[in-house]
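Undergrad: Dropping a structure here in structure tokens format, bear with me for questions.
The values are calculated or read from the model by the stated rules, or taken from the named source; none is laboratory data. Every value quoted in this text rests on a predicted model; they were computed, and no experiment measured them. In this analysis, Cβ positions are derived from the backbone assuming ideal geometry, glycine residues included, and neighbour counts consider all displayed protein chains. Each accessible area value is taken on the protein alone, full model and side chains, heavy atoms only, with ligands, DNA and RNA left out. Shrake-Rupley method; radii C 1.70, N 1.55, O 1.52, S 1.80 Å.
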Amino acid sequence: MSTYKLNHTDSFGKGGDANGLRSNQENGFSNLSSLAQSEKAVQEFLIQQTPMQANDDHLIEFSEALRTVAKALRGSSEGKALAQAEAAEWKRRYELERCKNLELLLKAPSNGVCADESNSNGMMDHSAKSPRLHVQENGNSLERICAHEVLQDCEPNSPNGCNNKLKRKASFKLSWGCKGQTNDQHKKEIVSFESGNITTPDRSSKQISLTWESSPQTVIIFTKPNSTSVRVLSVEMVRWLRDHKGLNVYVEPRVKAELLSESSSFDFVQTWEDDKEISLLHPKVDLVITLGGDGTVLWAASMFKGPVPPIVPFSMGSLGFMTPFHSEQYRDCLESVLRGPLSITLRHRLQCHIIRDKARHDYETEETMLVLNEVTIDRGISSYLTNLECYCDNSFVTCVQGDGLILSTTSGSTAYSLAAGGSMVHPQVPGILFTPICPHSLSFRPLILPDHVTVRVQVPFNSRGSAWVSFDGKGRKQLEAGDALVCSMAPWPVSTACQVESTHDFLRSIHDGLHWNQRKIQSSDGPQ
Ligand SMILES: NC(=O)c1ccc[n+]([C@@H]2O[C@H](COP(=O)([O-])OP(=O)(O)OC[C@H]3O[C@@H](n4cnc5c(N)ncnc54)[C@H](O)[C@@H]3O)[C@@H](O)[C@H]2O)c1
Ligand SMILES: Nc1ncnc2c1ncn2[C@@H]1O[C@H](COP(=O)(O)OP(=O)(O)OP(=O)(O)O)[C@@H](O)[C@H]1O
């Protein structure tokens, strides 16, 4: 019986005491080792006693243990109070220092710092050339908040003698590029370092509007194959563009044949003979029209290995994530687009090179592939795990062991990457999504990398099998051990016309296309 009583809970008498200990632990009680020692001593002592003696002595030891607990708790709460007092003192000193600095600052406006009381909204005025101190009005009392510290050069013979804290701020210079690197390959005019303040006046992900300076003359139409409704609409649209808008119209060779089979009057429609010829079309084409689903937009974009004319995508598929225009209203839509101005979504593309191990020292690599959605490296028909070594610039990222890896644009974030657990990202956010496919690991979360990096994915020499690359779900190529795929942001984005504007269109797509976060509204009759 006594041995039964000597379990952990009973050495404290009752469960309530043990609970008390638990809550004290949660409150920061840390003197647990002395407590454990006392408990052990009580146990050892009691084991040596007769049952009667043990009961009395048990009570004595138990009360001692309680005293130990109380002492430890007292120590803990005293320690806590001390720490709080110390924190309060630090806070008081900090506030004093801050007030002193603020006073000095306001007393000395002639040293180049001006207290701009007109700007009472507390916002930073990034456009100001001279350094400013901004103030914020808060209720009746004027609370002054230094929005940012000012970089100030100290004039050696200045009448004010740089006698306040500001003069102590170290001057610094920022420049573009990596440490020790002089080229400005990654330069983007989105940040300026004027007067030592870092500002971002123009961010790349702003809504963009396109205004025609002269009227568009030539359009090219891409259509989804094997669809009767698409074929009917393309016949109608081609005629309307020619008869009502006086435009030159290009279509694919397949579509030209279809149009001619309708009527020989379509011989005004132009086409091309081979892929080389279409790659030369860009300088002639003002606008691209797509009739189909997202796949047709991807197809159209893939036809342009360099700059791409603006695309007007009409929805004639089942999902239509990137196709905001309704085909029934094509006349109104095209009238408005041709008149301009129009909002566009600037969709970044990735450029991908395969570097073969056996050709790694050759100057020429295989043809560069441009993708609008993603490049996928997977195990193909192999039943082995893929083993892919990934590097970002020259830093090792990870080794993917699973079904594969998706390197996606933000436009592609709602496609395959989404299915593999990647985040949905607004298409105008510049970045590269790094999304594993079925990784055999509990901790492989998807990443989003910045747009200026180069990602290299290599099949290691000790890999059991090869890997397969596909570009926007097409054009599969095999990667043998030692081969690598190098991928970075392409300089030729794809601009797609918006129905309203890019954020509105994106949100509409995730609501209507993916039924994002749809749930029945909770009824109001329930606990309040
Ligand atoms: N498990 C998957 O979800 C999976 C598998 C393979 C390919 N894909 C995607 O299919 C794309 C190729 O499209 P396709 O039409 O030629 O093939 P497809 O006809 O097989 O269509 C794939 C589906 O993905 C949708 N889709 C394509 N791009 C999208 C985007 N940016 N946002 C939202 N949905 C999008 C299409 O509307 C279509 O419903 C690939 O780039 C890849 O992203 C997805
Ligand atoms: N002009 C074209 N020539 C050859 N293939 C095309 C062309 N346009 C689209 N495709 C291919 O046809 C397939 C289906 O096209 P698309 O995705 O546009 O239609 P969908 O599947 O009906 O639409 P959604 O993707 O909305 O379900 C895609 O694989 C795409 O690559």
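Undergrad: Which members of segment 220-251 meet the condition of being assigned to a helix (DSSP H, G or I) and within 16 Å of ligand 1 (Cβ to nearest atom)? Show your work before the answer.
TA: Just the residues of segment 220-251 that are assigned to a helix (DSSP H, G or I), to begin with: 228-243.
Selection gives VAL230 alone.
Undergrad: If we keep just the residues of segment 405-423 that are hydroxyl-bearing (Ser, Thr, Tyr) and assigned to a helix (DSSP H, G or I), which is most open to solvent (accessible area, probe 1.4 Å)?
TA: Let us first name the residues in segment 405-423 that are hydroxyl-bearing (Ser, Thr, Tyr), namely 408-411, 413-414, 416-417, 423.
This time we only want the ones that are assigned to a helix (DSSP H, G or I), so: 411, 413-414, 416-417.
Details: SER411: 9, SER413: 0, THR414: 18, TYR416: 97, SER417: 0 Å².
The extreme case among them is TYR416.
Undergrad: Okay, next question. If I go through segment 271-301 residue by residue, how many of them are within 16 Å of ligand 1 (Cβ to nearest atom), among the aliphatic types (A, V, I, L, M) and in a helix (DSSP H, G or I)? Explain how you work it out, then say what you get.
TA: Residues of segment 271-301 within 16 Å of ligand 1 (Cβ to nearest atom): 290-301.
Among the residues that remain, those that are also among the aliphatic types (A, V, I, L, M) are: 291, 297-298, 300-301.
Now restrict to residues that are in a helix (DSSP H, G or I): 297-298, 300-301.
Here the count works out to 4.
Undergrad: I'd like to check something: does segment 353-368 contain any residue that is touching a helix residue (DSSP H, G or I) at 6+ places or on another chain (Cβ under 8 Å) and away from ligand 1 (no atom under 16 Å from the Cβ)? Break it down into steps so the answer makes sense when it comes.
TA: Narrowing segment 353-368 to residues touching a helix residue (DSSP H, G or I) at 6+ places or on another chain (Cβ under 8 Å): 365.
Next, only the ones that are away from ligand 1 (no atom under 16 Å from the Cβ) stay: 365.
Yes, that holds for at least one residue.
Undergrad: Spot the failing condition for ARG349; the list is (1) away from ligand 1 (no atom under 16 Å from the Cβ); (2) modelled with pLDDT of 95 or more, and only one is missed.
TA: (1)
Undergrad: Is segment 265-277 home to any residue that is away from ligand 2 (no atom under 16 Å from the Cβ) and under 37 Å from the mean Cα position of the chain (by Cα)?
TA: For segment 265-277, residues away from ligand 2 (no atom under 16 Å from the Cβ) and under 37 Å from the mean Cα position of the chain (by Cα): present.
Undergrad: Looking only at segment 460-483, which residues are within 16 Å of ligand 2 (Cβ to nearest atom), at negative phi and surrounded by fewer than 19 Cβ atoms within 10 Å (Cβ to Cβ)? Spell out the reasoning first.
TA: From segment 460-483, those within 16 Å of ligand 2 (Cβ to nearest atom) are 470-476; that's our starting set.
Still in the list and also at negative phi: 470-471, 474, 476.
Within segment 460-483, LYS474, ARG476 qualify.
Undergrad: Quick one: is MET303 farther than 23 Å from PRO493 by Cα, within 37 Å of the chain's Cα centre (by Cα) and among the aliphatic types (A, V, I, L, M)? Before you say what the answer is, go through the steps one by one.
TA: Numbers: farther than 23 Å from PRO493 by Cα: no; within 37 Å of the chain's Cα centre (by Cα): yes; among the aliphatic types (A, V, I, L, M): yes.
Taking the combined requirement at face value, the residue does not satisfy it.
Undergrad: If you don't mind, another one. For segment 329-347, indicate whether the set of residues that are part of a loop (DSSP other than H, G, I, E, B) and assigned by TED's automatic domain parsing to the domain that holds SER229 is non-empty.
TA: Of the residues in segment 329-347, the ones part of a loop (DSSP other than H, G, I, E, B) are 340-341.
Now narrow it down to the ones that are assigned by TED's automatic domain parsing to the domain that holds SER229: 340-341.
Yes, segment 329-347 contains a residue that is part of a loop (DSSP other than H, G, I, E, B) and assigned by TED's automatic domain parsing to the domain that holds SER229.
Undergrad: Pick from THR376, THR398, THR435: which is outside any helix (DSSP H, G or I), in contact with a strand residue (DSSP E or B) (Cβ under 9 Å, 6 or more places away or on another chain), within 16 Å of ligand 2 (Cβ to nearest atom) and not assigned by TED's automatic domain parsing to the domain that holds VAL297? Give the derivation first.
TA: Working: THR398 fails: within 16 Å of ligand 2 (Cβ to nearest atom); THR435 fails: within 16 Å of ligand 2 (Cβ to nearest atom).
That would be THR376, the only listed residue that is outside any helix (DSSP H, G or I), in contact with a strand residue (DSSP E or B) (Cβ under 9 Å, 6 or more places away or on another chain), within 16 Å of ligand 2 (Cβ to nearest atom) and not assigned by TED's automatic domain parsing to the domain that holds VAL297.
Undergrad: Could you grab me the full set of residues in segment 454-471 that are modelled with pLDDT of 95 or more, farther than 12 Å from ASP378 by Cβ and either assigned to a loop (DSSP other than H, G, I, E, B) or not assigned by TED's automatic domain parsing to the domain that holds GLY380 (or both)?
TA: THR454, PRO460
Undergrad: Can you name the number of the only condition in (1) crowded, with 24+ Cβ neighbours inside 10 Å; (2) under 18 Å from SER343 (Cα atoms) that ASP294 fails?
TA: Of the numbered conditions (1) crowded, with 24+ Cβ neighbours inside 10 Å; (2) under 18 Å from SER343 (Cα atoms), the odd one out for ASP294 is (2).
Undergrad: Can you give me the number of residues within segment 374-396 that are surrounded by fewer than 19 Cβ atoms within 10 Å (Cβ to Cβ) and within 16 Å of ligand 1 (Cβ to nearest atom)? If you could, list the steps in order and put the result at the bottom.
TA: Step one: list which residues in segment 374-396 are surrounded by fewer than 19 Cβ atoms within 10 Å (Cβ to Cβ), which gives 380-385, 389, 391-396.
Filter once more, so that each one left must be within 16 Å of ligand 1 (Cβ to nearest atom): 380-381.
Qualifying residue count for the region: 2.
Undergrad: Residues being open to solvent by 30 Å² or more (accessible area, probe 1.4 Å) and near ligand 2 (Cβ under 9 Å from one of its atoms): count how many of those fall in segment 308-335.
TA: Step one: filter segment 308-335 for residues open to solvent by 30 Å² or more (accessible area, probe 1.4 Å), giving 315-319, 326, 328-329, 331-332, 335.
Narrowing the set further to residues that are near ligand 2 (Cβ under 9 Å from one of its atoms) leaves 315-319.
So the answer is 5.
Undergrad: Here's a check for you: in segment 348-373, which residue that is part of a loop (DSSP other than H, G, I, E, B) and more than 30 Å from PRO309 (Cβ to Cβ) is most open to solvent (accessible area, probe 1.4 Å)? Break it down stepwise before answering.
TA: Our first condition is that a residue be part of a loop (DSSP other than H, G, I, E, B); within segment 348-373, this holds for 348-349, 356, 360-368, 372-373.
Still in the list and also more than 30 Å from PRO309 (Cβ to Cβ): 356, 360-363.
Numbers: ARG356: 44, ARG360: 113, HIS361: 168, ASP362: 89, TYR363: 209 Å².
The selected residue is TYR363.
Undergrad: Listed residues PRO450, PRO527; which is exposed (fewer than 13 other Cβ atoms within 10 Å of the Cβ), outside the structural domain of SER302 (by TED's automatic domain parsing) and within 30 Å of THR211 (Cα to Cα)?
TA: Numbers: PRO527 fails: within 30 Å of THR211 (Cα to Cα).
Testing whether each residue is exposed (fewer than 13 other Cβ atoms within 10 Å of the Cβ), outside the structural domain of SER302 (by TED's automatic domain parsing) and within 30 Å of THR211 (Cα to Cα) leaves just PRO450.
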